[in-house]
Amino acid sequence: MNGIAVGCIYGLIALGFVLIYKATEMVNFAQGDLMMLGAFVAYTLISGLGLPYWLGLAGAVIIMAVFGYLLDAVLLRPVIGQPQFAIVMLTIGLGFILRAAAGFIWGHDPLSFETPFTGKVVNAGGVVIATENLAIIFGTVLLCAILYAFFRFTRLGVAMQASSQNQLAAYYMGIPVKRIFSMIWALSAGVAAVAGILLAPKFLIDPNMGFLGIKAFAAAVLGGFGSIPGALLGGLVIGVIEQIAGVYGPPGSHETAAYLALLLVLVLKPGGIFAQIGRKKV
Amino acid sequence: MRFVFKTSYEQDINLFRHGGDRFWYGLLLLALAAAPLLLDTFYLGELSFILIYAIAATGLMLLVGYTGLVSLGHAAFLGIGAYANAYFISQGMPFLVSFPLAGLITAAAGLLIGVPTLRMSGIYLAIATLAFAYIVEQVFIRWESVTGGFRGLPVDAPDIFGYQLWERWEFYYLCLVVLVAVILGVANLLRSPTGRAFVAIRDSEISAQSMGINLARYKAMAFALSAFITGLAGALYGHHISYLAPDAFDIRLSIILLLMVVVGGVGSLHGAVYGAIFAGALPQVIAILRDYLPPAISQTPGLEPALFGVILVFFILFEPFGIYGRWLKIKLYFQMFPLYKKATFKRQKSYLKTERLR
């Protein structure tokens, strides 16, 4: 159960990667740090300002979405059309800045805040489940359903898919590609905030929690980097593998299991479980 | 402006384009050789550190700048080189044997990650090397019989034919010799068919393949060579810090290495050296500035990585060619003086077509 809950979090962060990758073909190495920032913003709203949990959650998601939009509009728009490598380095640099900024504002000591789920258990037919795990799983499923419907049935979602498939063609069809990209960043930052807030009862919040994002890579790659269900499934698989390795494997396998799985998938089936990658043409 | 009239094809691939180059590089070498007479021990240590960084950056530049393969895991190679060298020396091997051996072992590790990832490029490769680096770091922690785990592994001073290089200036000369050898080696490699093949792969894999370049072979070769050079740098790095701990070789170091390549200027050996100077000198500059800043800022623990991040972002946004690119622009500006065209270095932006087929 623990593995599945952690896996859901990986899946959610991976979802953020995939959203951005699917649309803009950029890989955002700062996704984990966006999650960290979301958790901190929620902490400020809930513990600092004393807002109720749900209001704090909504507020944090909105703040992070605006932040994501601005991030793209200000920093990432100038590098559109430049090699992917530049974007990777840019987001890595961004991650460093966010981490330092969070450390500067909120300090380097781990924090936590009260949620309605902390420390309660549900007894379902003899199986005891912590509510925080349930909340994570339920929240993930709900979010995914919303996102799926969004991409499938709304004009904006379809426009996002179109600009991901061919910028030029999408532009000709009257889609404001640049603005769409920024909106995708907003969406992704919002998802990251949700992940951070759901994660908060399980782990403590500190500026370095963004490194979790790297494990979420494993999830995203496992699912084939362009697929939303793939990312979630990948997250679940990574979470469960990690737990199993931690219990049955030799010492140290808890930390490395995710990366080993990642390397294996990349080597054996580079496209992931839901392969979408073809050979790039000249 | 100096025009070089080419009278033979050989001139196209000369290491030095004209006598002026030869003169300035000679002068630079002379200045570096004379440095121990002028600098005190502390700055000499810092200078050797920059030289070591420059070796590693050259290795990474070969991979990132010339072959177009991005590695986020070069700290692992640095670590493998350092640990291998330290282990062999602790087993009583002389430095002159353990040093190249460390490089070879690192090259083998490079093949280990390079061969399975041959089919990947771009972002996937970066992620795979990142995962590799994490696994290697765990190996450093857990394989205690060799690496000493968290207790660390002390590194003895290098000895050459029974003579131990205890003094800073002796170690400095060792680093200088290795760096010059590595740079000459890479510069020579780059004007050989192998180097041309690397550059061709960087510019277009499919075109390179059509011209008869064996992609798998050359990519694996680039990985092995890059790892070899980085391993040599790692061995020296181990001697420099003289005590190895696994957390010295984490993702942060990988990123600093990549930062050197980007900030220096992707795709030039000058860039690797400039980047190394930059990354090596920045902590010192911060340390000096710390005294002048208000304590609220200067006492923040994350100041250095934050500054690295800011500088990285600024370079990518405003000077994607790095320090070396900026230097070329300034040079051209004065050479062309009233006629400099701003668009000379403009990069063509491309609309992005998806890597996905459907």
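The values are calculated or read from the model by the stated rules, or taken from the named source; none is laboratory data. Given the structure is predicted, the values throughout are model-derived calculations rather than measurements. Don't worry about glycine lacking a Cβ; one is built from the backbone with ideal geometry, like all the others, and counts go over all protein chains shown. Surface accessibility is based on the protein's heavy atoms, side chains included, excluding ligands, DNA and RNA. Shrake-Rupley method; radii C 1.70, N 1.55, O 1.52, S 1.80 Å.
Structure notes:
- Helical runs (DSSP H, four residues minimum) scored at -39500 (n - 2.57) apiece and divided by the length of chain B put the mean residue ellipticity at 222 nm at -22000 deg cm²/dmol.
- Descending principal axes extents, the protein assembly as shown, alpha-carbon based, whole Å: 79, 59, 54
- Remark: mean inter-chain Cβ contacts per residue of B:134-141 equal 5, using a 10 Å Cβ-Cβ cutoff to other protein chain atoms.
- By a 1.4 Å probe calculation restricted to protein chains, B:Glu167 has an accessible surface near 100 Å², given to the nearest 10.
- Whole-Hz Karplus values for the range A:227-236 come out as 10, 5, x, x, 4, 5, 4, x, x, 4 Hz, taken residue by residue from phi with 6.51 cos²θ - 1.76 cosθ + 1.60 and θ = phi - 60°; glycine and proline positions read x.
- Among the chymotrypsin sites (Phe, Trp or Tyr not before Pro) in the range B:1-44, those placed in a DSSP loop whose Cβ has at most 13 other Cβ atoms within 10 Å are B:Phe3, B:Phe5, B:Phe16.
- Figure note: B:Tyr243, B:Tyr53 ranked by solvent-accessible area, largest first, 1.4 Å probe, ligands and nucleic acids not counted: B:Tyr243, B:Tyr53.
- Placing unit charges on the Cβ atoms of the charged side chains and taking the dipole of chain A about its Cα centre, the candidate lying farthest along the positive direction among A:Met36, A:Gly157, A:Gly239 is A:Gly157.
- Equivalent ellipsoid semi-axes, the range B:31-250, via Cα gyration tensor eigenvalues times 5, rooted, Å: 30, 21, 14
- Computed from point charges on the beta carbon alone (+1 for Lys and Arg, -1 for Asp and Glu), the dipole magnitude for chain B about its Cα centre is near 1840 Debye.
- Between A:Ile62 and B:Gln209, the modelled labels are 5.1 nm apart [label points 7 Å from Cα along Cα→Cβ].
- Of B:His74, B:His270, B:His240, the residue with the largest accessible area leads and the full order is B:His270, B:His240, B:His74 (1.4 Å probe).
- Residue-level accessible surface for B:Tyr237, protein heavy atoms, 1.4 Å, Å²: 20
- Amide proton proximity set for A:Ala130, modelled H, under 5 Å, gap of 5+: A:Val122
- Solvent accessible area, Å² - B:Ile229, 1.4 Å probe, full protein context: 10
- Two-site label geometry, A:Leu142 and B:Leu339: point separation in nm, points 7 Å out along Cα→Cβ: 6.9
- Residue with peak Gaussian network fluctuation, chain B [Cα springs, cutoff 10 Å], from B:Ala86, B:Ala157, B:Ala287: B:Ala287
- Adding -39500 (n - 2.57) for every DSSP H run of four residues or longer, then dividing by how many residues chain A holds, sets the calculated 222 nm ellipticity at -22500 deg cm²/dmol.
- The calculated FRET efficiency for A:Asn208 paired with B:Phe3, based on their beta-carbon distance and R0 = 51 Å, is about 0.40.
- Peptide A:167-173 shows a mean partner chain C-beta count of 2 within 10 Å per residue C-beta.
- Across the alpha-carbon set of the range A:2-209, the Rg to Rh ratio works out to 1.00, Rh being the Kirkwood radius.
- Ranking by accessible area, most exposed first, for B:Tyr218, B:Tyr333 with a 1.4 Å probe: B:Tyr333, B:Tyr218
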